[in-house]
Amino acid sequence: MAAYPREVILGIDTSLGTAVAVVDADGVVRSEATSANPLGHAEVIGDLLAAALAAASVTAAIGAQVDAPAPTALTQVVAGMGPGPFTGLRIGIAAARTFALARDLPVIAVPSHDAVALSILLRAAIAGDDAGRFAVVTDARRREFAYSVYEGLDDDGLPVRIGDAALAPRADLDAALAERGARREDAASIPAALLALAGARAVAASRVLTRDEPLYLRSPDVTLPGAPKRVTA
């Protein structure tokens with residue numbers, strides 16, 4: 001069969017560990033590479049990108065029916081925007097922007113929790129179940145959790161987010177979720193493949209899921225110094 005063009009998306013997220021994936025717009029996963037370490041994003045992001053792109057290239061080369069495009073034919077880059085810790089989150093966003101800039105590709109911003117929610121909702125749909133209202137919960141450190149509440153998929157196949165992401169002390173989280181009628185779904189990682197798929201669906205529907213700035217739920221520890229004190233005689 002003759003080759004035909006298709007969208008190929010690179011997803012990058014460092015809001016928890018470090019996750020990279022290459023997927024087709026229809027959700028077929030070409031490759032994934034991850035590190036569960038919540039630190040050391042800068043040390044592993046380059047190797048994970050190289051591994052994911054190399055694996056996707058091998059997958060394309062051995063396709064039995066269709067000569068699918070190689071990773072050099074990437075059409076867009078999806079960046080996980082958090083919520084997440086300040087330094088780690090910025091590394092993934094910077095990597096996505098740099099990779100895209102070098103190849104003149106658009107960067108699509110997607111809330112990281114949307115990827116987890118999409119995974120939960122697709123599993124429920126396949127099983128014929130109703131996922132109901134639930135909250136994606138991630139460790140924000142300092143005895144706090146970040147959470148986002150979701151309920152169902154919309155007509156574009158994207159998770160319906162109820163309100164913005166929020167931060168809650170560990171001791172208060174369950175009460176906060178009970179107030180919102182949401183089941184707790186803890187996430188230890190962000191699936192980059194589902195992040196990329198969410199980005200592809202948003203592009204297909206001409207939608208913007210979040211602004212292109214990191215979703216921080218607390219201020220960074222490092223702040224600009226104040227004005228110098230006046231020296232008097």
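No value in this document is a laboratory result; all are computed from the given coordinates. What you see is a predicted model; the values in this text were computed from it and never measured. Methodologically, a virtual Cβ is constructed for each residue, glycine included, from the backbone with ideal geometry; neighbour enumeration extends over all protein chains shown.
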*Using the 10 angstrom Cβ neighbour count as an exposure proxy, how do Phe134, Phe99, Phe86 rank, fewest first?*
Phe86, Phe99, Phe134
*Quick one: if the Förster radius is 41 Å, what FRET efficiency do Ala50 and Asp155 give, using the C-beta to C-beta distance and rounding to 0.05?*
0.65
*Report, in whole Å, the centroid distance computed from the Cα atoms of region 99-119 and region 153-171.*
17
*Quick one: if you stick a label point 7 Å off each Cα along the C-beta vector at Val28 and Ala73, how many nm between them?*
1.1
*asked:* Can you compute the modelled spin-label distance between Arg180 and Ala102, with each label point 7 Å from Cα toward Cβ, in nm?
replied: 3.7
*Label-point separation, Thr87 to Ala36 (7 Å along Cα→Cβ), nm*: 2.3
*Mean Cβ neighbour count within 10 Å, used as a protection proxy, ranking 19-28, 180-189 highest first*: 19-28, 180-189
_So, R0 is 41 Å and r is the distance between the beta-carbons of Ala204 and Asp129; what FRET efficiency does that work out to, to 0.05?_
0.95
_Can you tally the net charge around Val77? Count Lys and Arg as +1, Asp and Glu as -1, for every other residue whose Cβ sits under 9 Å from the Cβ of Val77._
+2
